[in-house]
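Step one of this worksheet: look at the structure below.
What follows draws every value from the coordinates through simple rules; no lab data is involved. All figures in this text were calculated on a predicted structure; none of them were measured in a lab. Don't worry about glycine lacking a Cβ; one is built from the backbone with ideal geometry, like all the others, and counts go over all protein chains shown.
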Protein chains: 2
Amino acid sequence: MLELDYDNMLATAVGEEYGIAPTELAALMPRCARIHADLMARHAAGELPFYDLPTDRAMLTTVQKLADELRGRFENVVVLGIGGSALGTTAAFRALGALHHNLLPRKKRGGAPRLFVQDNVDPAGFGATLELLEPHETLFLVISKSGATVETGSQFAIARHWVEERQGDAWQDHFVLITDPEQGALRRLANDSGMRSCAIPSGVGGRFTVFTPVALLPLALAGVDIAALLAGAADFMTRAMDADLLANPAYLNGALQYLAYQKGLRISVMMPYSDRLRDVADWYRQLWAESLGKRMSLDGEDIFVGPTPVKALGATDQHSQVQLYMEGPCDKTVTFIAPRDYGVKVPIPAFAQLPELAYLTGRGMDELLRCEQQATAQALTRNHRPNCTIWLSEVSPRTVGALFYLFEVQTLFAGALFNVNPLDQPGVELGKQLTKKLLLHGAADAATGSSD
Amino acid sequence: MLELDYDNMLATAVGEEYGIAPTELAALMPRCARIHADLMARHAAGELPFYDLPTDRAMLTTVQKLADELRGRFENVVVLGIGGSALGTTAAFRALGALHHNLLPRKKRGGAPRLFVQDNVDPAGFGATLELLEPHETLFLVISKSGATVETGSQFAIARHWVEERQGDAWQDHFVLITDPEQGALRRLANDSGMRSCAIPSGVGGRFTVFTPVALLPLALAGVDIAALLAGAADFMTRAMDADLLANPAYLNGALQYLAYQKGLRISVMMPYSDRLRDVADWYRQLWAESLGKRMSLDGEDIFVGPTPVKALGATDQHSQVQLYMEGPCDKTVTFIAPRDYGVKVPIPAFAQLPELAYLTGRGMDELLRCEQQATAQALTRNHRPNCTIWLSEVSPRTVGALFYLFEVQTLFAGALFNVNPLDQPGVELGKQLTKKLLLHGAADAATGSSD
């Protein structure tokens, strides 16, 4: 279902300067074993609840019941959320929905609503979406763990007013609040008003919520098989908890990325060769950057550490980024994600007037794309650039579920290797405070564009 | 119309370790003067024709005439192209078209066709697009400078067959070839068949083609004011050719990025605070990476140089990447692009049940977004992270035209500072050769997924 091919990360393939020697991996094993033991102990103590989400039958049932109740009543579902409240839905829906879902007539969508993910506060973007929709046929999912996210709160205030103007007191039926089970403004509102709501399980941080109602409810409404998504992740749990580094792709990939960083490869490119998997790289970008980019070590020392994730798409970015990856400074690893089966065959027909293409005649577009991926991997390797490939048997709810789970565990494991807390994000607080200050006191400055 | 605010790139704002001292900028000036003289000499000798595209009236007339001829005849326009043949169109259309253009009924599109940019060879993606469309109402723009791009050629063969099956010999009316004026397979086909075609001016490389028919024809068909786009660039020409480094934002930004790279800031983040400008960062990513990421210097020495461009979006990525930008290693510059006017006002209404948001009541969503941008710039600065802001008066054809022109000249200038040829891309050849080899001889290997 999912395999990690890391041959091209090794010194045997790319040379000793940037490649990883078997001895280096071996030397890391005792530390990896201690990290594994610690993770399992914390898991057993209930500290890492994200591990068990794929097998949480009660949560699945709750989401499916709510989706059943809402199904058929709305033509549009709009997610109001930002960061972890949006990225998982976007990635999974791109992977598993119809690629032009919103352009299809309702029947071809299997009766599912159109899905819009609004993860910004640009009035041009948000305004254009509201202009497109009719209040009476639109459902909003307001998603904020804390209930205090300023962007989501603003969207909510605008959307509520927009619906209320047309629907009066029935506006409450057009909103579902997805938030903390006990605390915060949205939970209080749900309790006071009786509005529909869903709980984000306690102890699961924003970027680890893809297997919670945060993503599961919009995905279920849009017609994705969320039971299979969870089942794929659940199937992968055993491998992702294997103590043996070489048998556990999540640990192994975390360790390889960590060792590469120590050699100065501080940029981590993720390059799916698949239109469907394009936004998985974006979801991962948050997970990797926000979890590992930290000033302080677990020992309280300033370390200013963290790899920079970069999103690319094969074959498209061969014509944009690969020149740099081949010839620029050797400061990157490239992780390809490649499906073995693209699900459809599109054969390339003969074209007599273009004899230059004759060698492609009869081949499938999937063969072309697969050969491009392998050729890029080979060319990088010849240029001594470490790279690895995650093979998926196909792009399906099960494989995508496994892939998400892999990256979540990999990130947690890498956090321990980098000696940072992968579950916090202290560095964004200052920006939040300054935003509020500017809004309250600095409007004039803002209008002049001064940033002092 | 366009201003570069670079205060936060300077040592006075972010400290001496990563900030640029006035003396460093002054020390670079003699070299900048020589580079300017050289560029102007090459321009005068006709070697850099991209400089003059914004004032090429004949080209504009040709494109507009062809667009007029085709207007109203097709419901869908599909661009078949990759890299520079797609990115300019995507960026400009996102900036200047309706944000949900393809979802709007024809009347609300002003009669313009829907626009699809197909820049990959994933059978799932390409197949889904064909499935959505009807051959008799679809026009394809086949875009390849060389005429030999394997991805575009494959798409063309499939699309031709798909149209011919339904339209017979009339298939030729459903294609416009945009290619070299004299050479290559597509030019030969145009000459032999009498199919409609457009010339990409000689001497203009793929990533510098946004002001040629490559982007102008699809944009004109989709209803963008291409005359204003070119006029905006033309207005900016004087500033972008100014010998005075401090008066020329293109030179100045190139020099600042170059100096930052010398201090170890090898990652160049571009973060527009605008949904409309989101894909400008993607277009720029190709320009910057492919132009500057080079193994060899102009003196023939191995230097393996080149900054890595990273695409981000404000405020969205404050909840994804900014933690890393604030606290991770200081290896980045951040360039914000911020419109002073978002074109629409979306006021945030009162929401009695959420008193936490009271301070936002009556403010515009644009104010919130603008304050977030400034707060992020201030927070980065306090954390000693160099950043600059390109202010646009608004997002319009004129300002976007100026912005594209700025980045093109900046890239050319930076190429000279980095001492590389910004107009070639030798590093992608090996991958192309290996792809062909795998397709011809390695299908079995490909199927097993071995990458050795």
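Spin-label model, B:ASP244/B:THR55: points 7 Å from Cα along the beta carbon direction are separated by 2.0 nm.
For the range B:344-349, the Karplus equation 6.51 cos²θ - 1.76 cosθ + 1.60, evaluated at θ = phi - 60°, returns couplings of 10, 10, 10, x, 8, x Hz by residue, with Gly and Pro reported as x.
In a reduced charge model with +1 at each Lys and Arg Cβ and -1 at each Asp and Glu Cβ, the range B:127-237 shows a dipole moment near 360 debye about its Cα centre.
For chain A, report the translational diffusion coefficient in µm²/s to the nearest whole number, using Stokes-Einstein at 37 °C, 0.692 mPa s, and a Kirkwood Rh over Cα pairs. Each step should come with its number before you reach the end.
Working: Rh = 23.6 Å.
The Stokes-Einstein estimate is 139 µm²/s.
Distances from A:ALA45 to itself in the other copies, using label points 7 Å out along the Cα-Cβ axis, amount to 7.1 nm in increasing order. If we count every other residue with Cβ under 14 angstrom of B:GLY147's Cβ, Lys/Arg +1 and Asp/Glu -1, where does the sum land? Local net charge: -2.
Using the beta-carbon distance between B:LYS65 and A:ARG363 and R0 = 56 Å, what value does 1/(1 + (r/R0)^6) give for FRET efficiency, to the nearest 0.05? Calculated transfer efficiency: 0.90.
Rounded to the nearest 20 Debye, what is the dipole magnitude of the protein assembly as shown about its Cα centre when Lys and Arg each give +1 and Asp and Glu each give -1 at the C-beta? Walk me through the numbers before you get to the answer.
Details: 80 positive and 102 negative charges, 217 e Å.
Dipole magnitude for the protein assembly as shown comes out near 1040 debye.
For the range B:1-102, the average shadow cast by the Cα convex hull is 11.5 nm², which is a quarter of the hull's surface.
Return the aspartates and glutamates within reach of A:LYS108: Cα separation strictly under 17 angstrom, same-chain partners fewer than 8 residues apart disregarded; answer none if there are no such residues. Filter leaves A:GLU75, A:ASP225, B:GLU131, B:GLU134.
Among B:LEU96, B:LEU115, B:SER146, which residue has its Cα positioned farthest towards the positive end of the charge dipole of the range B:49-224, with +1 placed on the Cβ of Lys and Arg, -1 on the Cβ of Asp and Glu, and the dipole taken about the Cα centre? Farthest towards the positive pole: B:LEU96. In whole percents, the pair-distance distribution calculated for the range B:49-224 from its alpha-carbon pairs, binned every 10 Å from zero, is 10, 41, 39, 10, 0. If you take every DSSP beta bridge fully contained in the protein assembly as shown, what fraction is antiparallel? Give it as a percent rounded to 5. Percent antiparallel among DSSP bridges in the protein assembly as shown is about 15. Our note on the geometry: Cα centres of the range A:46-110 and the range B:329-385, 29 Å apart.
Tell me, what does the Kirkwood hydrodynamic radius of the range B:328-371 come to in angstroms if you use every pair of distinct C-alpha atoms?
Values: mean 1/r = 0.0774 Å⁻¹.
About 12.9 Å for the range B:328-371.
Modelled this way, with points 7 Å down the Cα-to-C-beta line, the labels at A:MET40 and A:ARG382 are 4.5 nm from one another. Label point of A:MET237 set 7 angstrom out along Cα-Cβ; within the range A:396-429, amide nitrogens under 19 Å from it belong to A:397-413. Inter-copy label distances at B:ARG382, shortest first and taken from points set 7 Å along Cα to Cβ: 5.2 nm.
Can you sort B:SER320, B:SER197 by how many other beta carbons sit within 10 Å, fewest first? Display every interim value, and only then the final one.
On the way: B:SER320 29, B:SER197 20.
Lowest to highest Cβ neighbour count: B:SER197, B:SER320.
Semi-axes of the equivalent ellipsoid for the protein assembly as shown, computed as √(5λ) from the eigenvalues of its C-alpha gyration tensor and ordered from largest down, come to 38, 32, 32 Å. Spacing of the modelled spin labels on B:ALA228 and B:GLN353, each 7 Å from Cα toward Cβ, amounts to 4.1 nm.
So for chain A: antiparallel DSSP bridges make up what percent, rounded to the nearest 5?
In chain A, approximately 15 percent of DSSP beta bridges are antiparallel ones.
Would you mind getting me the FRET efficiency between A:SER297 and A:LEU440? Use the beta-carbon distance for r and R0 = 35 Å, nearest 0.05. Each step should come with its number before you reach the end.
Details: r = 35 Å, r/R0 = 1.00.
According to the calculation, E is roughly 0.50.
Taking R0 as 25 Å, what's the FRET efficiency between B:ALA26 and B:ASP341 from their Cβ-Cβ distance, rounded to 0.05? Please report the intermediate quantities before stating the final value.
Values: r = 35 Å, r/R0 = 1.41.
With a Förster radius of 25 Å, E is 0.10.
Straightening the chain between A:ALA33 and A:GLU429 buys 139.1 nm, computed as 0.36 nm per residue apart minus the Cα-Cα spacing. Taking 19 Å as the limit for the C-alpha separation, the pairs A:LYS345/B:LYS437; A:LYS311/B:LYS311; A:LYS311/A:LYS332 exceed it in the case of A:LYS345/B:LYS437.
Counting other beta carbons within 10 Å of each residue's own, what order do B:VAL344, A:VAL78 fall into, fewest first? Intermediate values should be presented prior to the final figure.
Working: B:VAL344 16, A:VAL78 26.
Ranked by crowding around the Cβ, least crowded first: B:VAL344, A:VAL78.
Partner shielding of B:150-156 amounts to 6, given as the average count of beta-carbon atoms from other chains within 10 Å of each residue beta-carbon. Which net charge results when you count Lys and Arg as +1 and Asp and Glu as -1 among the other residues whose beta-carbon is under 15 Å from that of A:ASN76? Charge balance near A:ASN76 sits at +1.
Counting only alpha carbon atoms, the long axis of helix B:150-167 and the longest principal axis of chain B meet at about 40°.
Label points for B:ALA358 are taken 7 Å from Cα along Cα→Cβ. From this copy to the others they lie 8.0 nm apart, shortest first.
Computed per residue of the protein assembly as shown from DSSP H runs no shorter than four, each worth -39500 (n - 2.57), the mean residue ellipticity at 222 nm is -14000 deg cm²/dmol.
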